[in-house]
Amino acid sequence: MKIMRDPNHSGITAAPATPDETSTGRRFGDVILDVRNISLAFGGVKALTDISFDVREHEVRAIIGPNGAGKSSMLNCINGVYQPQHGSITFRGKTFDHMKSRQVAEMGIARTFQNLALFKGMSVLDNIMTGRNLRIRSNLFLQALRIGPAEREENRHREFVERIIDFLEIQAYRKTPVGQLPYGLQKRVDLGRALAMEPQVLLLDEPMAGMNLEEKQDMCRFILDVNDEFGTTVVLIEHDMGVVMDISDRVVVLDYGKKIGDGSPDEVRENPEVIRAYLGTSH
């Protein structure tokens, strides 16, 4: 599968102050997320050891590695599920070492998970609406009554969600219970719920796991469109190396909780240590 990015197609309206340029000619901005010397252990088991990397605004940053390399643990540290024993994470100049998931979400970091956690009995529309919870200002009593400002606010949020449904091309399923949808469409709903939070950084944990080729192509297209049209920075974990090498601007490689590679897809592909640990020895 080959997914190509159009370097002339971008939704970024303002040029970054000190832009860099990828090998594909795409430009991205200053560091938006800076991970420094993160170490995480569970008892005597070290999940991450002194991991450092940065993410630049508007780029697609991939994290790869074998099973058990610490990829999901790294995302869990970024979005506040795990609290690392050492190191710090800086988001838009604000450094934190202990942050709860809700606080991270309020700052502008959204997350999808490898194992879907959708409300299977609720419709597509209502599932994606849950992503607007952080932005609802009316109290529960007014929401329940749906009167006055609460009703107007809910209508605004529903209009926003309808635009996401259109963007993800799932209009035909908007009132369908999510549990009745094929797996690939459920993944799309999960992405929509994260987008409903209007994130500045979107963390995707194996967004294409379990998909067939056509579903992967669709998901790649949506991820690139989110990045290009919305200007959303994307950090993704993915095992499909064809996908990673095609859509990523930079790749960081983990192995047994340690960083063994970091650079452009071409640099990572040619890194001898990465080849030995993950990609397989070339003849």
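The values are calculated or read from the model by the stated rules, or taken from the named source; none is laboratory data. What you see is a predicted model, and the numbers here were worked out from it, not measured in a lab. Ideal geometry is used to build each Cβ from the backbone, glycine not excepted, and the neighbour counts take in all protein chains shown.
Taking the stated definitions as given, is residue 191 at pLDDT 90 or above and either within 12 Å of the chain's Cα centre (by Cα) or part of a loop (DSSP other than H, G, I, E, B) (or both)? Explain how you work it out, then say what you get.
Numbers: at pLDDT 90 or above: yes; either within 12 Å of the chain's Cα centre (by Cα) or part of a loop (DSSP other than H, G, I, E, B) (or both): yes.
It is true that residue 191 is at pLDDT 90 or above and either within 12 Å of the chain's Cα centre (by Cα) or part of a loop (DSSP other than H, G, I, E, B) (or both).
Yes or no: segment 248-264 includes at least one residue that is in a helix (DSSP H, G or I) and modelled with pLDDT of 90 or more. If you could, list the steps in order and put the result at the bottom.
Keep residues of segment 248-264 that are in a helix (DSSP H, G or I), which gives none.
Within segment 248-264 (the criterion being in a helix (DSSP H, G or I) and modelled with pLDDT of 90 or more), the answer is no, since none of the residues qualifies.
Inspect segment 80-87 for any residue being surrounded by fewer than 21 Cβ atoms within 10 Å (Cβ to Cβ) and in contact with a Pro (Cβ under 8 Å, 6 or more places away or on another chain) and give the result as yes or no.
To start, the set of residues in segment 80-87 that are surrounded by fewer than 21 Cβ atoms within 10 Å (Cβ to Cβ) comprises 80-83, 85-87.
Next, from what is left, pick out any that are in contact with a Pro (Cβ under 8 Å, 6 or more places away or on another chain): none.
No; the residues of segment 80-87 include none that is surrounded by fewer than 21 Cβ atoms within 10 Å (Cβ to Cβ) and in contact with a Pro (Cβ under 8 Å, 6 or more places away or on another chain).
Going through segment 3-45 one residue at a time, which ones are surrounded by fewer than 16 Cβ atoms within 10 Å (Cβ to Cβ), closer than 30 Å to residue 67 by Cα and at pLDDT 55 or above?
Of everything in segment 3-45, those that are surrounded by fewer than 16 Cβ atoms within 10 Å (Cβ to Cβ), closer than 30 Å to residue 67 by Cα and at pLDDT 55 or above turn out to be 37, 41, 42, 43, 44, 45.
Name the single residue that is surrounded by the most Cβ atoms within 10 Å (Cβ to Cβ) among those in segment 103-135 being among the hydrophobic types (A, V, I, L, M, F, W, C) and in a loop (DSSP other than H, G, I, E, B).
We begin by selecting, within segment 103-135, every residue among the hydrophobic types (A, V, I, L, M, F, W, C); these are 104-105, 107, 109-110, 113, 116-119, 122, 124-125, 128-129, 134.
Subset that is in a loop (DSSP other than H, G, I, E, B): 113, 116-119, 122.
Working: 113: 18, 116: 15, 117: 10, 118: 20, 119: 14, 122: 15.
Checking each candidate, the answer is 118.
Please go through segment 62-79 and give me each residue that is within 15 Å of the chain's Cα centre (by Cα) and either free of Cβ contacts under 8 Å to residues at least 12 places away in the same chain or in a helix (DSSP H, G or I) (or both), ordered by number. Spell out the reasoning first.
Looking only at segment 62-79, we keep the residues that are within 15 Å of the chain's Cα centre (by Cα), and these are 62-64, 71-79.
Listed by number, the residues that qualify are 71, 72, 73, 74, 75, 76, 77, 78.
I'm checking my understanding of the structure. Among residues of segment 207-235 that are of a type in the set (A, V, I, L, M) and either part of a helix (DSSP H, G or I) or touching a helix residue (DSSP H, G or I) at 6+ places or on another chain (Cβ under 7 Å) (or both), which one is farthest from residue 33 (Cα to Cα)? Show your work before the answer.
First pass over segment 207-235, keeping only residues of a type in the set (A, V, I, L, M): 208-209, 211, 213, 219, 223-224, 226, 234-235.
Those still in the list that are either part of a helix (DSSP H, G or I) or touching a helix residue (DSSP H, G or I) at 6+ places or on another chain (Cβ under 7 Å) (or both) too: 208, 211, 213, 219, 223-224, 226, 234.
On the way: 208: 24, 211: 29, 213: 31, 219: 24, 223: 19, 224: 19, 226: 18, 234: 11 Å.
So, considering only residues that are of a type in the set (A, V, I, L, M) and either part of a helix (DSSP H, G or I) or touching a helix residue (DSSP H, G or I) at 6+ places or on another chain (Cβ under 7 Å) (or both), the one farthest from residue 33 (Cα to Cα) is 213.
Condition first: surrounded by 22 or more Cβ atoms within 10 Å (Cβ to Cβ), out of contact with any His (no Cβ under 6 Å at 6 or more places or on another chain) and under 18 Å from residue 58 (Cβ atoms). Can you find one or more residues in segment 211-220 that meet it?
yes
Would you be able to say whether some residue in segment 49-59 is touching a helix residue (DSSP H, G or I) at 6+ places or on another chain (Cβ under 6 Å), part of a strand (DSSP E or B) and modelled with pLDDT of 95 or more? Before the answer, list the steps.
Residues of segment 49-59 that are touching a helix residue (DSSP H, G or I) at 6+ places or on another chain (Cβ under 6 Å), as a first pass: none.
Scanning segment 49-59 turns up no residue that is touching a helix residue (DSSP H, G or I) at 6+ places or on another chain (Cβ under 6 Å), part of a strand (DSSP E or B) and modelled with pLDDT of 95 or more.
Identify, please: which residue in segment 234-247 is surrounded by fewer than 20 Cβ atoms within 10 Å (Cβ to Cβ) and charged (D, E, K, R) and is, among those, modelled with the highest pLDDT?
Checked segment 234-247; the qualifying residue modelled with the highest pLDDT is 246.
Which ones in segment 199-240 are among the acidic types (Asp, Glu) and under 12 Å from the mean Cα position of the chain (by Cα)?
Within segment 199-240, 205, 206, 238 meet the criteria.
Can you pull out the residues in segment 55-94 that are under 18 Å from residue 106 (Cβ atoms) and of a type in the set (Lys, Arg)? Walk me through it before giving the result.
Keep residues of segment 55-94 that are under 18 Å from residue 106 (Cβ atoms), which gives 75-81, 83, 89-94.
Selection gives 92, 94.
Quick one: count up the residues across segment 80-103 that are aliphatic (A, V, I, L, M) and without any contact (Cβ under 8 Å) to a residue 40 or more places away in the chain. Spell out how you get there, then give the answer.
Just the residues of segment 80-103 that are aliphatic (A, V, I, L, M), to begin with: 81, 89, 99.
Applying the additional criterion that residues be without any contact (Cβ under 8 Å) to a residue 40 or more places away in the chain yields 81, 99.
Number of matching residues: 2.
Which residue pairs have Cβ atoms closer than 7 Å, lie 6 or more positions apart in sequence or on different chains, and pair a first residue in segment 250-269 that is surrounded by fewer than 20 Cβ atoms within 10 Å (Cβ to Cβ) with a second residue that is assigned to a strand (DSSP E or B) and polar (S, T, N, Q)?
258/49
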